[in-house]
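Q: Quick one: the structure is below, and I'll ask about it shortly.
Every number here is computed from the coordinates shown, using simple stated rules; none is lab data. All values derive from a computational prediction rather than experimental measurement. Cβ placement follows ideal geometry from the backbone for every residue including glycine, while neighbour counts extend to all protein chains displayed.
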Amino acid sequence: MMRWLFYVLCLVGVWYYATQKRSFDFFALAFGSAMIYFLPGFSGLVLNPYDTDQTMPLYDLCYTVYCLVLVSNIAGAYCYDHYIEIYDWGRREKPTPSYYCLVAFAIALVGISMSLLKHGDWYWHRNEISKGDLQAMLNAEADRWSVCWEMGALLLAITAFIERKPWYSCMAWGLLGLDLWLGGNRSTAVFALIAMFCVRLGNTPRQLGRYFFSRKYYGKIILTTLVALLFFVSKLLLPLLQAHRMDLFEEIYPSWEDVLFHTFVTGEPAGIQANLSETLRQQISTDFYHPIDLAAQLSVGGDWLGMDSKSHYLDQRILFPDLSYGLAYNIWGDVWASSGWVGLCVFVVVYHGILGLGCLLLRCTRGFGLGVTVLFFSIWAFYIHRNNLLFQLYLQKRIVLFALAVWAIATCLKALHQAVEWK
């Protein structure tokens, strides 16, 4: 029964977001993200982690989790649209030209320069080093220059887009492209694209159904679809490109059916939902996150101090003890294992409550503040499905810390410039 309820809720959500005249906000983004990461719910199959060419049945209780998330999302969007959105919360005036792009570009440039200077051999020999090994090596060396590279480029991309500075936009996407090619990080570029999408469609209330099916926008729809498909397929292509072994592509994926199967049936969502399925099937229980670990993730640099984790959060070694590679986490299974159904219900409500706060901030921020808002809340809305709570907090904290750094330096530069002009 829950499986059919899941199908009905998906249809209700698509109908609501497509037919209501509303701004594209974080509720809509979270629903779209759920449709992507809950894809295995439509087939009833998840990845068999021990044989990635095979699938195994999705545990039925997963549909209860999916329905809980979707009900909360649709109800949250409805309440926001009818009880909060109607009020005029006001908007700030667009700020005067600033130094934000310059500072973000400088941070990214210093970050990539220092990271390549210290670990150039690792980056330039990606045919011998996998993405997982590279990240482990950088973490072992406590390399924070690569983080400066990513965050500087990310803040530069969204700020240049908002302020309509094409030269800085080109620089930002060049830096993000290098991060994708050398570091294998798709997520940073995805964050930038999603944030730009929110800015572009979040200005004016509209019926998305008419927007997406109007002949006037066919070109944009096709381009958006192709970019989305490219990021799906890049999971298969990027490792072969970096290893200079594209000759193996036809051997691994002999037909388009194989490409589609490994992209959509046994792709990343199938691995993530395999975590949830196995958690519920085995009825795994863990302690909740230790307060010290939560405080470390929220503090400045706390996660960089090399402290031993005191949390017994859901670990892959519990679910798949003989697996030799890493799978992404599942936040819903993680919370369920540590606090049960009651804790999961509370977390789902809090999750959507934070989305509501983001929607309010989306309406009353401009310029650099708007860029930070869409980055912070789009990561919370879209990317939470594949993380545990500690890593999600780390991602959110990075946005806040680097945004504060850019704002502080840019403000000082502006004040210095005005003082020089005044003299």
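Q: What is the order of 329, 50, fewest Cβ neighbours within 10 Å to most?
A: The fewest-first ordering by Cβ neighbours comes to 50, 329.
Q: Explain nothing, just compute: Karplus ³J(HN,Hα) = 6.51 cos²θ - 1.76 cosθ + 1.60, θ = phi - 60°, for every residue of the stretch 107-113 in order, whole Hz, x for Gly and Pro.
A: Once rounded to whole Hz, the list reads 4, 5, 5, 5, x, 5, 5.
Q: Long-range amide H contacts for residue 48: which residues qualify at under 5 Å (H placed 1.01 Å from N, peptide plane, sequence gap of 5 or more or a different chain)?
A: 54, 55, 56
Q: Compute the signed sum of charges (Lys and Arg +1, Asp and Glu -1) over the other residues within less than 15 Å, Cβ to Cβ, of residue 34.
A: Local net charge: -1.
Q: Order these by the 10 Å Cβ neighbour count, fewest first: 397, 216, 21. Numbers along the way, then the final one.
A: Numbers: 397 18, 216 8, 21 11.
Least to most surrounded, the residues fall as 216, 21, 397.
Q: Run the numbers for residue 226 and residue 164: contour at 0.36 nm per residue of separation, minus the present Cα-Cα distance, in nm.
A: That works out to 19.9 nm of additional length.
Q: Kindly put 376, 197 in sequence by how many other C-beta atoms sit within 10 Å of each C-beta, fewest to most. If you can, show how the numbers build up before the last one.
A: Values: 376 22, 197 17.
Least to most surrounded, the residues fall as 197, 376.
Q: How high is the relative contact order of the stretch 348-423, given as a whole-number percent (alpha carbon pairs under 8 Å, six or more residues apart)?
A: 24 percent
Q: Length gain on complete extension for the stretch residue 364 to residue 35, per 0.36 nm per residue less the alpha carbon to alpha carbon distance? Intermediate results must be reported in sequence, preceding the final value.
A: Numbers: separation 329, 0.36 × 329 = 118.44 nm, distance 2.85 nm.
Separation in residues times 0.36 nm, less the Cα-Cα distance, equals 115.6 nm.
Q: Taking square-rooted eigenvalues a ≥ b ≥ c of the alpha carbon gyration tensor, is the stretch 342-399 rounded, prolate or oblate, where a/c under 1.5 means rounded and, failing that, a/b exceeding b/c means prolate? Don't jump to the answer; show the numbers that get you there.
A: Working: a/c = 3.02, a/b = 1.50, b/c = 2.01.
Oblate, since a/c reaches 1.5 and b/c is not below a/b.
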